[in-house]
Amino acid sequence: MFEKLKKKHLQGKRLRELKRKWKEKRQGNLLSIGAKHKTHKGNLNLRFIPAEKGKNNLLLRIALKNRKFILAKVKRDLSGKSDKWALFLSKIISGEHFPYTVELKLKDGQIYGFVRFSLDAPPQTITKEKGVIGIDVNARPFHLALAEVSPDGNLQSYKSIYLSHLLKFKSRNRKEYEEWLIAHEIVRFAREKNKAIAIEDIKKLPKGKRGDGKAKLRKILQFFSYRRILKKIESLAIKEGIEVVKVNPAFTSLIGMMKYCPQYFIDKDVAGAYVIGRKALGFKEEIPENYKKLLKSQIYIQYALWRLGKMEEELRNKLDQEKNKYKANGIKRDLRRLKRERKFLEKFLIEVSNRKSSQSEPETQEQGNLRKEPVRGEKSSQKLWRVLRVAFAIPLLGRMFVRDFSPLRPVMVQGKWEGIASRLGPDGFAGPP
């Protein structure tokens, strides 16, 4: 509107109408946030008071300077028995002091009010003692992965809810509406399974990065908000009396792809949701024994380093041939990450050799009871899971980003890697192709 006013191409009635609308947008907003303090009585500046005793009418007391006020009559009819305005009205008329936020907006010469207040949470009837539904939010493909986890930590069922239809909506209100429908579907699924909901801790979720050369991924991240969807699920579940357990999202996808993708033949997103559910129940993730054995094998580690070097060479050749600068940025990003991962593995091997020279074994997670043992999130164990990805997933699967980790099953179960390596081409470690 301001840009239109600067052009000065309007006159008369159309110009006056545009100025009026611009002033309404610019100056026609007033927000007062409520507080729990007794003297505020819910809201210090915009306070609701009963109009007359015995009548369900309210007045809005708007504070001015020098302890002067304006009393505005509130016009609001009840839309039904479930209308939350009836609860708000009863609280005000009864004299109960509770915080509420009031926002006033000027539109077409009329003043509209918006009120927000917190509802008392009902008692929890469904807890994690009956199991959980682990939820993992993923940007590519754009979907939610749900994993039903029993109280003893086993995977019972899983499903995916695709969210690609959200990308076509331009209106924020329509997006909000569709997200609420998805939240209702998930809460309904949790109630049918009689299980609590496990989600990632919103405060610890990573933020998306831009400028990575991946145009499709940037477009998805632009429309995608982890926090908005998870907050709706959490809010609705609490209202339904379903326990919501928040877990640290660190390394959940990594553990899922390396341990449970080969074991259950599921994709990495469902496996990540499964790990989130197990974390919520307090289980500790042990590293498979065959992974540990191969990490001590000098032959395999030499092959892994050789394979990482070969992949670096392939990426450099691809970068030299790429003429599109945006695609080249993506290749450069992959090349930097691959170099970082190779150096990380080399550093780990140096640490292992130093420990061996001092007659000590490489550190692994402490042996203990898998059931009901609290997740400590130790840095050493997290580091070892990353070592597994660099040492096995990237060299044996031949790509940085993979969705199918089922080829790692022989490695995890039997400790055999030669068959997978031979399919990548002839080399001096795996024998003929």
- request: If a/c stays under 1.5 just call it rounded; otherwise compare a/b with b/c (prolate if a/b is bigger, oblate if not). Do that for region 297-340, with a ≥ b ≥ c from the square roots of the Cα gyration tensor eigenvalues.
  value: prolate
field: Dipole of region 266-360, positive end: most advanced residue of Gln298, Gly330, Gly272 [Cβ charges, Cα centre]
entry: Gly330
query: What residue among Thr252, Asn154, His165 has its Cα farthest toward the positive end of the dipole of region 128-281, where the charges are +1 on Lys, Arg and -1 on Asp, Glu, each on the Cβ?
result: His165
query: Lys/Arg Cβ at +1, Asp/Glu Cβ at -1, dipole of region 56-163 taken about the Cα centre: which of Gln124, Thr101, His143 is farthest positive-ward?
result: Thr101
- prompt: In what sequence, highest mean first, do 390-403, 26-39 appear when ranked by Cβ atoms within 10 angstrom?
  reply: 390-403, 26-39
message: Given axes a ≥ b ≥ c from the Cα gyration tensor, I'd like to know whether region 2-117 is rounded (a/c under 1.5), prolate (a/b larger than b/c) or oblate.
response: prolate
task: Using 0.36 nm per residue of separation minus the Cα-Cα distance, give me the extension gain between Arg76 and Arg172 in nm, one decimal.
output: 32.1 nm
Highest to lowest packing among 241-254, 156-169, 8-21, scored as the average C-beta count within 10 Å: 241-254, 156-169, 8-21
query: Cα-Cα pairs above 15 Å in region 4-45: how many percent?
result: 59
- prompt: What does the highest-first list of 271-280, 227-236 look like by mean Cβ count within 10 Å?
  reply: 271-280, 227-236
Prolate/oblate/rounded call for region 66-138, Cα gyration tensor, a/c under 1.5 rounded: prolate
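No lab work stands behind these numbers, since they all come straight from the coordinates. On a predicted model such as this, the values are computed, not experimentally measured, just so you know. With ideal geometry, Cβ positions are generated from the backbone for all residues, glycine too; neighbour counts draw on all protein chains shown.
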